[in-house]
Amino acid sequence: MSSKDKPFCLRHTCLRLLCTSVLLGAVPGSSFADGSTPASALANHCLANDASAVHSLENCLMHDDFKLVKTVRGQHVDVMVMEGQDFRCMSFDRRNLFQSCMRKDAPNALALEYTRGLLAGLRLLERPPENILLIGMGGGSIPKAVMQHWPDVQLDVVELDQAVVQVAKDWFAFAPSAQITITVQDARAFVRQRIRQGQHYDFIMLDAFDQDYIPEHLLTVEFLQQIRQLLAPGGVVAANTFAQGRLQAHEEATWQAVFPSLWRSKRLMNDIIYAATQPLQTPQPDAQQESITGVWTDYPSQAVSASQARVLTDQWSPSNVLRHANE
């Protein structure tokens with residue numbers, strides 16, 4: 001596969017992740033004597049069953065020779081399955097920005113860093129969760145992890161396109177269970193229905209954005225107010241976000257208009273927002289949870305400073321224009 005034919009993620013995002021990991025010593029035995037890192041050594045490290053490997057799984061992706069093996073046409077997106085030697089990934093666009101990836105030797109492992117970051121938000125809860133809401137299913141990595149590690153939790157999953165759900169079942173080892181309720185519906189409509197029903201969730205994850213597109217109706221003060229209505233006392237919201245440049249200030253102002261406590265974990269590509277109505281406290285060490293998501297210091301989070309930017313609303317939410325304004 002030539003450089004120009006590699007998926008966009010492999011040519012850019014994952015390359016930066018690889019360089020950072022090597023510079024920080026995250027990949028033992030790495031060598032740049034010839035300007036490269038031995039793929040076999042890196043793959044062995046990434047797929048090793050040890051805690052240090054979990055932070056560099058993304059690095060394996062650039063060494064996997066991906067091929068398109070399946071395209072399922074959905075109502076809203078074309079869902080593509082990209083097959084590599086060690087990983088299988090889901091993509092929604094022709095440039096193959098990966099939405100979800102699965103280790104073929106460990107289908108239930110959280111292969112991508114941001115999924116671990118979202119679930120790390122569970123450690124901010126004051127008590128074990130009873131029910132969780134996930135908006136955006138992807139390949140089902142997060143639902144699989146919840147089923148495996150929190151078997152008593154009831155999980156509601158909202159996904160816009162039935163094709164995504166079907167591909168997760170057929171290609172990403174997602175098996176429905178009584179623990180999980182999947183609803184194929186727009187998230188705003190689902191949230192309104194649950195508010196009318198008096199439903200509350202201890203933990204809510206928003207995973208409906210990607211690097212190319214932000215559903216603008218899911219990044220407004222009105223929507224976040226509805227999310228707050230669904231949140232149980234002491235609950236926490238964790239959101240995967242790609243807001244950068246001019247959009248980030250507007251995004252933070254919008255969250256701050258709804259949630260008094262707001263932390264942002266800055267990552268190389270995805271950021272994670274943690275929000276709550278009560279003060280957020282740095283969690284204590286927890287070996288069991290750390291075995292799933294990594295240690296809390298892997299997600300250095302800072303309280304967001306007060307933003308004077310204009311709040312995004314249902315009447316004014318040019319998120320995608322602002323997102324790409326500096327490109």
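A quick yes/no check of all residues on (1) crowded, with 23+ Cβ neighbours inside 10 Å; (2) of a type in the set (S, T, N, Q):
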residue: D105; (1), (2): no, no
residue: T115; (1), (2): yes, yes
residue: G121; (1), (2): yes, no
residue: G139; (1), (2): yes, no
residue: P151; (1), (2): no, no
residue: D186; (1), (2): no, no
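Residue count for region 266-293 under the criterion of being crowded, with 21+ Cβ neighbours inside 10 Å and of a type in the set (S, T, N, Q): the result is 2.
Given the criteria in a loop (DSSP other than H, G, I, E, B), of a type in the set (S, T, N, Q), farther than 20 Å from T115 by Cα and in contact (Cβ under 8 Å) with a residue 24 or more places away in the chain, does Q281 qualify? For Q281, the condition - in a loop (DSSP other than H, G, I, E, B), of a type in the set (S, T, N, Q), farther than 20 Å from T115 by Cα and in contact (Cβ under 8 Å) with a residue 24 or more places away in the chain - is met. Taking each residue of region 215-227 that is farther than 14 Å from Q256 by Cβ and looking for partners that are modelled with pLDDT under 95 and not in a loop (DSSP other than H, G, I, E, B) with beta-carbon atoms closer than 8 Å, six or more apart or interchain, yields E216/S319; E216/N320; F223/H217.
Mind checking which residues of region 190-221 are buried (at least 20 other Cβ atoms within 10 Å of the Cβ), hydrophobic (A, V, I, L, M, F, W, C) and within 16 Å of T241 (Cα to Cα)? Correct list: I204, M205, L206, A208, F209, I214, L218, L219.
Within region 250-260, can one find any residue that is of a type in the set (G, A, S), touching a residue at least 24 places away in the same chain (Cβ under 8 Å), surrounded by 19 or more Cβ atoms within 10 Å (Cβ to Cβ) and under 23 Å from A306 (Cα atoms)? No, region 250-260 has no match at all. Comparison of A249, A208, A243 shows that the only residue that is at pLDDT below 95, in contact with a Gly (Cβ under 8 Å, 6 or more places away or on another chain) and closer than 21 Å to T313 by Cβ is A208. Only one of the numbered conditions (1) within 16 Å of the chain's Cα centre (by Cα); (2) assigned by TED's automatic domain parsing to the domain that holds V167; (3) within 23 Å of W296 (Cα to Cα) is violated by R127, and that is (1). Could you say whether any residue in region 67-86 is touching a Pro at 6+ places or on another chain (Cβ under 8 Å) and at pLDDT 90 or above? Taking every residue of region 67-86 in turn, at least one turns out to be touching a Pro at 6+ places or on another chain (Cβ under 8 Å) and at pLDDT 90 or above. I132 - would you say it is in contact with a helix residue (DSSP H, G or I) (Cβ under 9 Å, 6 or more places away or on another chain), surrounded by 22 or more Cβ atoms within 10 Å (Cβ to Cβ), among the hydrophobic types (A, V, I, L, M, F, W, C) and closer than 23 Å to D105 by Cα? The answer is no for I132.
The values are calculated or read from the model by the stated rules, or taken from the named source; none is laboratory data. What you see is a predicted model, and the numbers here were worked out from it, not measured in a lab. Quick reminder, even Gly has a Cβ in these numbers, built from the backbone with ideal geometry, and neighbours come from all protein chains shown.
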